[in-house]
Amino acid sequence: MHAISRRAALAAALLIGLAGTAAAHDPKPRHGGRIVHAGSFHVELVADGTRLDAFLVGHDDKPMSAQGYQGVAILVLDGKSQRITLAPAANNQLTGTAPAPVPGNAKAVVQITAPNGGTAQARFN
């Protein structure tokens with residue numbers, strides 16, 4: 001019985017440790033937007049009036065160069081589905097302009113295309 005209790009305690013400690021590790025790797029928005037997982041990286045989406053920015057962040061929480069990346073944000077504005085092209089701007093930033101102001105909490109899907117043609121999607125609900 002004692003060996004089983006010891007194994008159970010060890011298993012519980014490992015699970016608690018893994019849960020803490022997972023929480024420690026949750027990405028933190030650096031630009032005041034919302035950030036979600038997208039393939040092998042994270043995307044932070046920031047809306048400022050009609051301007052829409054997507055910042056690329058690696059799983060190591062470091063900015064990724066947006067050089068060679070492209071994106072499309074799909075969201076509903078004024079009751080209509082809108083596709084907003086996102087192009088590299090500076091550092092890890094893709095940017096585009098919407099036809100109308102974008103609320104900060106708008107539902108959106110951002111599709112990112114890497115220089116090698118690979119794609120990833122970020123869903124903001």
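The values are calculated or read from the model by the stated rules, or taken from the named source; none is laboratory data. For clarity, every value in this text was computed on a predicted model and none was experimentally measured. Every residue, glycine as well, gets a Cβ built from its backbone with ideal geometry; the counts of neighbours run over all protein chains shown.
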Given the conditions (1) at pLDDT 95 or above; (2) outside any loop (DSSP other than H, G, I, E, B), which single one is not true for residue 14? (1)
Being out of contact with any strand residue (DSSP E or B) (no Cβ under 6 Å at 6 or more places or on another chain), surrounded by 14 or more Cβ atoms within 10 Å (Cβ to Cβ), modelled with pLDDT of 95 or more and in a strand (DSSP E or B) is true for just one of 122, 54, 47. Which residue is that? 47
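If I filter the stretch 57-96 down to residues being among the basic types (Lys, Arg) and not in a loop (DSSP other than H, G, I, E, B), which single residue comes out as modelled with the highest pLDDT?
Taking the stretch 57-96 and keeping what is among the basic types (Lys, Arg), we get 62, 80, 83.
Those still in the list that are not in a loop (DSSP other than H, G, I, E, B) too: 80, 83.
Numbers: 80: 89, 83: 97.
Across the stretch 57-96, the extreme among qualifying residues is 83.
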All conditions in (1) surrounded by 18 or more Cβ atoms within 10 Å (Cβ to Cβ); (2) free of Cβ contacts under 8 Å to residues at least 60 places away in the same chain are true of residue 67 except (1)
Would you tally the residues in the stretch 103-119 being within 24 Å of residue 78 (Cβ to Cβ) and modelled with pLDDT of 95 or more? 4
Return the total of residues in the stretch 70-111 being without any contact (Cβ under 8 Å) to a residue 12 or more places away in the chain and under 16 Å from residue 40 (Cα atoms). 0
So, residue 56, is that one touching a residue at least 40 places away in the same chain (Cβ under 8 Å) and farther than 18 Å from residue 107 by Cβ or not? yes
